[in-house]
Amino acid sequence: MNAETLARLKEIVGRRGFSEEASVIAPHLEEWRSKYKGTSPLILQPDSTEQVSRILAVCNETTTPLVPQGGNTGLVGGQIPFDGELLLSLERLNRIRSVDVENHSMAVEAGVVLATAQSAARNKGLLFPLSLAAEGSATIGGNLSTNAGGVNVLRYGMMRDLVLGLEVVLADGRTLDLMKALRKNNTGYDLKQIFIGAEGTLGIITAAVLKLFPDPETRVTAFAAIASPEAAVRLLAKMQSDSGGQISAFELVPRTGLEFVIRHIAGARDPLPKPSLWYALVEATSARHFDLEGAIERSLVSAGEKGLVSDAVIAKNESQRAALWSLRENLSEAQKREGASIKHDVSVPVSAIPQFLERATAAVLSAAPDARAVSFGHIGDGNIHFNFSAPRDGDGAAFLARWEEIQRIVHDVVHEFGGSISAEHGVGVQKRDQLVLYKSAVEMDLMRTLKRAFDPKNILNPGKVVAI
């Protein structure tokens, strides 16, 4: 990167739109788990799509690579500049452009924080249903670029399902305006879907039109003790049937993970008097006229009679609901405080979850007998965060050194069950080289073809998702 190019880029964003100070750039160079650390001489912080367009035009002309970044909450290294690339932060593109109540849609820029988007919808009596633990810092652009999932996929789908339109700046600086708020548009290729989940390797998402939904008038949240993942799958099917399909979230929580949260998170407590090997956190939503709480209570009582549930508690107010959700949302933070851990974000068919957990856990423990299994997550859509913590008094560094070995064991089992090695976190650099092991040669060839077509000079997040 020569001085002239850097000067041109800084002029585009103005004095408030860049920094070369190490102290300012540093927080953007390391992800939450500290597994990945990068380097960059300059962070650019444009405040408009027009500035992003001009930046990419210069970068394309000069073959200057850059890495886009939202809230820096990614876990697979997709947002980190490893080789001194420019860092393009989209946090200043943070305007909510419009909310269309009648159309149940909202136009927002890429830097809008997820919680802010949720609040803007709620202020109009509507719901933007994407919800995840990092929603206070994750941005819409990052959510789109990784096709984020979260806890409500069961009811509303992933980010790919929650988008009507996109605004994308291409590698050569052209702006692709797909900001239509249409639910039906059958005019050829659905180009917006190419950029969702592409992790900034094909274009830079600068804005989106999001789907909104009626804000449920009633929420019922329950925490149930169950004997096994098999019981959880059967309970999910039963509660969906008993509630008329009103279950919006169904989360699997292991006893080990609950104990981590109680040990490390202030104010956390066991909601049930007796311990259980497994728990299910269930939330259902509906309109007020439907007796949702009664339906959930009757379903849990019936499940208890069938041996699926040994005990359960239903939140009676918002404070109790928040306390129950805190047990799930703080699992990752509690596991981090517990020490070193090796994590996997995988999915299998919901019906295969019990067999997968049994097989994969046995395979890992055969290689690392003292590892502590902490498997949790979105059992309603088959997405398991299949994690292992280091032995309690073990060598954390030595345990982490086995990451690739353990990951290969897990991913091989995932593949046997017809699953995916990345359910919602993306590929980044962590899983890039493993794609060739689990995707067909045709799939990989088409992915490389897309990358070359959209970014022939390989300036957009180079080295992420697919190597060319």
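Could you work out the local net charge near VAL101, counting Lys and Arg as +1, Asp and Glu as -1, over the other residues with Cβ closer than 15 Å to its Cβ? Working shown, then result.
Working: positive: ARG97, ARG122, LYS124, LYS211; negative: ASP100, GLU102, ASP215.
The answer is +1.
Please work out the FRET efficiency for the pair ASP190 and HIS264, using the Cβ-Cβ distance as r and a Förster radius of 60 Å; give the result to the nearest 0.05. Don't skip to the answer; put the middle values down first.
On the way: r = 44 Å, r/R0 = 0.73.
It comes to 0.85.
In percent, rounded to a whole number, the relative contact order of the chain is 16, using alpha-carbon pairs under 8 Å and six or more apart. Extension gain for VAL442-LEU400 works out to 11.8 nm (0.36 nm per residue, less the C-alpha to C-alpha distance).
Which of the chymotrypsin sites (Phe, Trp or Tyr not before Pro) across the range 142-228 are loop residues per DSSP, with 14 or fewer other Cβ within 10 Å? Walk me through the intermediate numbers first.
Numbers: sites: TYR156, TYR189, PHE195, PHE223; in loops: TYR189.
Loop-located and lightly packed - TYR189.
Seen from GLY377, the other residues with C-beta closer than 14 Å to its C-beta sum to a net charge of -3, counting Lys and Arg as +1 and Asp and Glu as -1. The calculated FRET efficiency for THR63 paired with GLU333, based on their beta-carbon distance and R0 = 25 Å, is about 0.05. Listed peptides 312-322, 32-42, 456-466, 379-389 appear in the order 379-389, 456-466, 32-42, 312-322 once ranked by packing, highest mean of other Cβ atoms within 10 Å at the front. Seen from LEU126, the other residues with C-beta closer than 13 Å to its C-beta sum to a net charge of -1, counting Lys and Arg as +1 and Asp and Glu as -1.
In the range 132-186, which trypsin sites (Lys or Arg not before Pro) are in a loop and have at most 15 other Cβ atoms within 10 Å, using DSSP for the loop call?
Numbers: sites: ARG155, ARG160, ARG174, LYS180, ARG183, LYS184; in loops: ARG174, LYS180, ARG183, LYS184.
Passing sites in the range 132-186 are ARG174, LYS180, ARG183, LYS184.
Here is how the number arises for the chain: DSSP H runs of 4 or more residues each give -39500 (n - 2.57), the sum is divided by the residue count, and the result at 222 nm is -10000 deg cm²/dmol.
Pairs of Cα atoms under 8 Å, at least six residues apart: use those to get the relative contact order of the range 324-464, whole percent. Display every interim value, and only then the final one.
Working: 153 pairs, mean separation 40.1, N = 141.
Reported relative contact order: 28 percent.
Would you mind pulling out the separation of the Cα centroids of the range 158-206 and the range 17-51, in Å? One Cα centre to the other: 25 Å.
Every number in this text was worked out from the coordinates using simple rules, so none of it is lab data. All figures in this text were calculated on a predicted structure; none of them were measured in a lab. Please note: Cβ atoms are built from the backbone with ideal geometry, for glycine as well, and neighbour counts cover all protein chains shown.
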